[in-house]
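Novice: Following this message is one structure expressed as structure tokens.
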Amino acid sequence: MPTPVLHIAEWTKGLERHKPFYMAVIDSQTRLSFVNTHFFCAFQQEAPPENDKQFGALVHKLDIDRFDRALGDCLTEHHFVSMEIRMKGHAGRPVNWELRRLEPDGIGPVKFFCLGYDAPYKEQSAEKKPEHSSDYPGHRKLAESVIRAQQEERARIGHELHDNVNQILGSAQLYLSLLDKVGEDVGFIRDKATELVLLAIEEIRHLSHEMVMPDFRENGLVGSIQKMVEELRYARLFTVNFRHTDRLTIESQDSCLKLALYRIIQEQTRNIVKYSQAANVEISLTCTGDQVRLTISDDGKGFDPNKNRRGLGLNGICERAALLNGRARLKTAVGKGCALIVTIPVELKMLC
Amino acid sequence: MKNDKKVVLLVDDSILLLERMIPMLEESPNVRFVVHAGTYKEAVTVIDDLRPDLILLDIHLPDRSGIHLLEVVKKNYSHILVFMMTNHESEQYREACMRLGAKCFFDKSTDFDQIPEVISA
């Protein structure tokens with residue numbers, strides 16, 4: 001019986017940089033007959049048993065029509081189709097799939113070889129914005145908010161560099177200049193200069209760590225928050241609890257929404273560290289059908305919101321929420337701790 | 001009705017073997033589903049979760065010996081049939097594998113075509 005010829009070595013050429021890559025063989029009903037371990041672990045392992053043997057049942061419901069159309073295309077017109085689709089149970093990450101029709105020479109059912117790899121992480125991109133975005137009410141105001149938030153962030157980084165790193169390196173330079181003088185303790189100077197340079201490295205590392213975009217592909221939003229919480233716990237300034245519901249729904253949101261939530265938590269925890277003198281901090285992230293709700297509360301000294309509201313990074317928080325048509329509210333009073341509540345409607349992620 | 005078709009785990013790091021094996025296994029009437037693992041580590045993950053009926057196992061894996069995997073499988077899941085495959089057949093290997101509970105021993109270069117037949121038996 002003639003058998004379809006596979007050229008997996010050729011098809012996977014150049015995919016080494018995309019490891020892991022997923023392989024599967026399906027029939028026209030999308031029934032799976034072959035998978036590799038990466039496919040199994042990424043998509044089937046956690047899937048309900050009634051769904052785990054059908055490729056179509058593993059595709060995210062929003063992409064299933066597109067997938068069916070592509071499969072139909074591959075069956076009737078083209079031998080090869082490629083597309084980006086999201087899979088269930090894969091933290092909402094899109095996967096680039098290449099479908100190849102396998103030729104059985106008219107004998108036996110038609111099969112398809114599917115080769116996939118995780119699509120590169122995409123940040124908020126200009127192409128995704130609505131074509132006539134300037135027609136949106138309040139668009140100009142929002143654009144100004146973004147620019148202002150960026151300027152504030154740059155100013156903060158500038159201050160950190162000036163106040164910390166610059167001072168530390170200045171001191172190191174002073175110690176090193178002592179080496180020109182006769183009779184100085186060279187060992188002591190070397191140790192002090194080394195200590196200060198290491199301190200500067202640590203400061204820059206800390207600052208750049210805050211600036212670098214979290215990679216949600218690796219840990220998802222929930223995992224990235226958990227990592228942040230671990231770091232806060234390590235500092236032992238206060239106890240931190242992080243609760244969340246329905247990880248799958250949270251992770252399936254657009255990256256711009258997740259990034260906004262991540263930055264808001266980063267900003268607010270920075271405020272708590274700096275000003276609150278709190279003993280306990282609670283972070284809660286819930287995602288219902290139509291909105292994401294983030295609450296960050298602490299039992300610190302609180303403040304008078306009418307006096308101190310500005311200049312605590314709260315502008316940035318409110319503007320980040322507003323950009324996604326969400327809302328940030330603050331409940332606080334002197335001696336009463338502080339609670340930040342951010343709600344963002346989920347469907348408005350399309351604004352990005 | 002009981003489904004007698006087998007779930008097969010193919011453990012081998014050679015893409016060329018994969019290219020030949022997939023079509024053969026696809027056509028075998030006794031095979032329901034095939035999973036490929038390229039390393040010992042991948043194979044262990046899949047065995048624990050999938051509990052295959054049959055394993056086609058290469059002796060030489062990139063991260064650890066297939067013979068060790070045979071031993072582990074037979075110790076923990078004695079009902080799983082294990083067919084060993086190698087390119088370097090020697091009586092010593094064959095004896096060791098059969099002693100550890102392998103069902104068959106194939107030389108990939110000479111016995112390859114027999115594999116689907118033996119699976120179907």
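Read-outs throughout are calculated quantities, based only on the coordinates presented, and are distinct from any laboratory measurement. In this text the structure is predicted, and so the values were computed from the model without any measurement. A quick note on method: Cβ atoms are made from the backbone with ideal geometry, for glycine too, and the neighbour counts reach across all protein chains shown.
Novice: Can you pull a Stokes-Einstein diffusion coefficient for the stretch A:1-88 at 25 °C (0.890 mPa s), Rh from Kirkwood over Cα pairs, as a whole number of µm²/s?
Specialist: Details: Rh = 14.2 Å.
In µm²/s, the coefficient rounds to 172.
Novice: May I pose another question? With a 10 Å radius around each residue's Cβ, average the other Cβ atoms per peptide and rank A:226-232, B:42-48, highest first.
Specialist: B:42-48, A:226-232
Novice: Right, something else. Under the rule of at least 5 residues apart or a separate chain, name every residue whose amide H is placed under 5 Å from the amide H of A:E84.
Specialist: The list, which skips near neighbours in sequence, is A:W97.
Novice: Something else about it: Kindly put B:Y93, B:Y77, A:Y234 in sequence by how many other C-beta atoms sit within 10 Å of each C-beta, fewest to most.
Specialist: Values: B:Y93 17, B:Y77 14, A:Y234 8.
Listing B:Y93, B:Y77, A:Y234 from fewest to most nearby Cβ atoms yields A:Y234, B:Y77, B:Y93.
Novice: Counting only other chains, what is the mean number of Cβ atoms within 10 angstrom of the Cβ of each residue in peptide A:235-246? It would help to have the intermediate numbers written out before the result.
Specialist: Numbers: counts 0, 0, 0, 0, 0, 0, 0, 0, 0, 0, 0, 0.
Per residue, the average neighbour count from other chains is 0.
Novice: For peptide B:32-41, what's the mean number of Cβ atoms from other chains within 10 Å of each residue's Cβ?
Specialist: Details: counts 4, 7, 6, 8, 9, 4, 3, 1, 0, 1.
Partner Cβ neighbours, averaged per residue: 4.
Novice: State the antiparallel share, in %, of DSSP beta bridges confined to chain B, rounding to the nearest 5.
Specialist: Working: 1 of 20 bridges.
The antiparallel proportion sits near 5 percent.
Novice: Rg to Rh for the stretch A:172-277: what is it, with Cα atoms only and Rh by Kirkwood?
Specialist: Details: Rg = 20.4 Å, Rh = 17.0 Å.
Taking Rh as the inverse mean 1/r over Cα pairs, Rg/Rh reads 1.20.
Novice: Could you tell me the extents of the stretch A:216-352's C-alpha atoms along the three principal axes, largest first, rounded to whole Å?
Specialist: 39, 32, 21 Å, listed from the longest principal axis down.
Novice: Whole-Hz ³J(HN,Hα) for each residue in the stretch B:18-24, computed from phi via Karplus 6.51 cos²θ - 1.76 cosθ + 1.60 with θ = phi - 60°, x for glycine and proline: what do you get?
Specialist: My calculation for the stretch B:18-24 gives 4, 4, 7, 6, 4, x, 5 Hz in order.
Novice: Related question: Under a point spin-label approximation (7 Å from Cα along Cα-to-Cβ), what is the B:N87-A:K19 distance to one decimal in nm?
Specialist: Result: 1.9 nm between the two label points.
Novice: How many angstrom lie between the Cα centre of the stretch B:100-114 and the Cα centre of the stretch B:66-83?
Specialist: 15 Å
Novice: Full-extension gain between A:R329 and A:I157, please, as 0.36 nm times their residue separation minus the C-alpha to C-alpha distance. Walk me through the intermediate numbers first.
Specialist: On the way: separation 172, 0.36 × 172 = 61.92 nm, distance 2.58 nm.
Stretched out fully, the A:R329 to A:I157 stretch lengthens by 59.3 nm.
Novice: Sticking with this structure for a sec: How do A:C318, A:C287 rank when sorted from fewest to most other Cβ atoms within 10 Å of their own Cβ? Intermediate results must be reported in sequence, preceding the final value.
Specialist: Details: A:C318 21, A:C287 24.
Going from sparsest to densest Cβ surroundings: A:C318, A:C287.
Novice: Per the Cauchy relation, a quarter of the hull surface: what is the mean projected area of the convex hull of the alpha carbons in the stretch B:57-121, in nm²? List each step's numbers first, then the result.
Specialist: Numbers: hull surface 17.9 nm².
Result: 4.5 nm².
Novice: If you wrap a convex hull around the Cα atoms of chain B, how much volume per residue is inside, in Å³?
Specialist: Details: hull volume 12.0 nm³, N = 121.
In chain B, the Cα convex hull volume per residue is 100 Å³.
Novice: Moving on. For B:H60 and A:N280, FRET efficiency with R0 = 35 Å and r from the beta-carbon atoms, rounded to 0.05?
Specialist: With R0 = 35 Å, the Cβ-Cβ based efficiency is 0.05.
Novice: Using only atoms on other chains, find how many Cβ atoms lie within 10 Å of each Cβ of peptide A:109-115 and report the average.
Specialist: Details: counts 1, 0, 3, 0, 1, 0, 0.
The per-residue average across the peptide is 1.
Novice: With a 10 Å Cβ neighbour count serving as the proxy for reagent exposure, in which order, fewest first, do A:R31, A:R320 appear? All intermediate terms of the calculation are to be shown ahead of the outcome.
Specialist: On the way: A:R31 17, A:R320 24.
Least crowded to most crowded, the residues run A:R31, A:R320.
Novice: Say R0 is 51 Å: what FRET efficiency, to the nearest 0.05, do A:K61 and B:M98 get from their beta-carbon distance?
Specialist: Details: r = 50 Å, r/R0 = 0.98.
Result of the calculation: an efficiency of 0.55.
Novice: Using a Förster radius of 25 Å, what is the FRET efficiency between A:A47 and B:V72 based on their Cβ-Cβ separation? Nearest 0.05, please.
Specialist: Once rounded, the FRET efficiency stands at 0.45.
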